[in-house]
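Participant: Take a look at this one; I'll ask things after.
The values are calculated or read from the model by the stated rules, or taken from the named source; none is laboratory data. Since the model is a prediction, treat every value here as computed from it, not as a measurement. For neighbour counting, all protein chains shown are included, and Cβ atoms are generated from backbone atoms with ideal geometry for every residue, glycine included. SASA here: full protein model, heavy atoms, side chains in, ligands and nucleic acids out. Shrake-Rupley method; radii C 1.70, N 1.55, O 1.52, S 1.80 Å.
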Amino acid sequence: MKKVSKLQEYCERNPGKIAKVSRRLTRRIKLALTDGNLGYARIGVAAYVFLLDNSSSSKDKSYSLNYFTKELIQPPDAVINTLLVEPRPEVRALGAELLSAFIRAQSEVENQAAAVKPLVKTLCVTLVAPDEPSASG
């Protein structure tokens, strides 16, 4: 977690680079899933969760949740949706963890309810029928 906290410090010092950090984390998670390396996907999700939790609790609010929105919830990148529709249950659990961190991090001003609603629906569908591919997507 030491390196992830350094990543957070970097984001606080360079808010203009947060979109780049988010793109690279997304790319890393998707590559890890493609390669079947669940460990790297877990690390990427843990980094996102850490950054989201600390962006909302930061006293000076030097970086905002909006910087992460494009890669996390907006199609076509939507890493949360990618994780939720994955057939492996441990990957879907990572998607649920990341979605819950994203929802927890939102303030009333930054509310992204319209974008989150389809992801929650996807999560519910995958929980009800975990062995069947999701019809939404």
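Matching residues to (1) open to solvent by 30 Å² or more (accessible area, probe 1.4 Å); (2) touching a Phe, Trp or Tyr at 6+ places or on another chain (Cβ under 8 Å); (3) modelled with pLDDT under 90; (4) among the charged types (D, E, K, R):
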| position | (1), (2), (3), (4) |
| --- | --- |
| 3 | yes, no, yes, yes |
| 8 | no, yes, yes, no |
| 12 | yes, yes, yes, yes |
| 15 | yes, yes, yes, no |
| 26 | no, no, no, no |
| 29 | no, yes, no, no |
| 34 | yes, no, no, no |
| 41 | no, no, no, no |
| 44 | no, no, no, no |
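Participant: Of the residues in region 112-137, how many are within 15 Å of residue 83 (Cα to Cα) and modelled with pLDDT of 70 or more?
Facilitator: Final tally of qualifying residues: 11.
Participant: Kindly provide the set of residues from region 92-111 that are among the charged types (D, E, K, R), modelled with pLDDT under 90 and open to solvent by less than 60 Å² (accessible area, probe 1.4 Å), ordered by number.
Facilitator: 110, the sole residue that qualifies.
Participant: Tell me the residue from 82, 69 that is surrounded by 16 or more Cβ atoms within 10 Å (Cβ to Cβ) and either of a type in the set (A, V, I, L, M, F, W, C) or at pLDDT 90 or above (or both), please.
Facilitator: After applying the criteria, what remains is 82.
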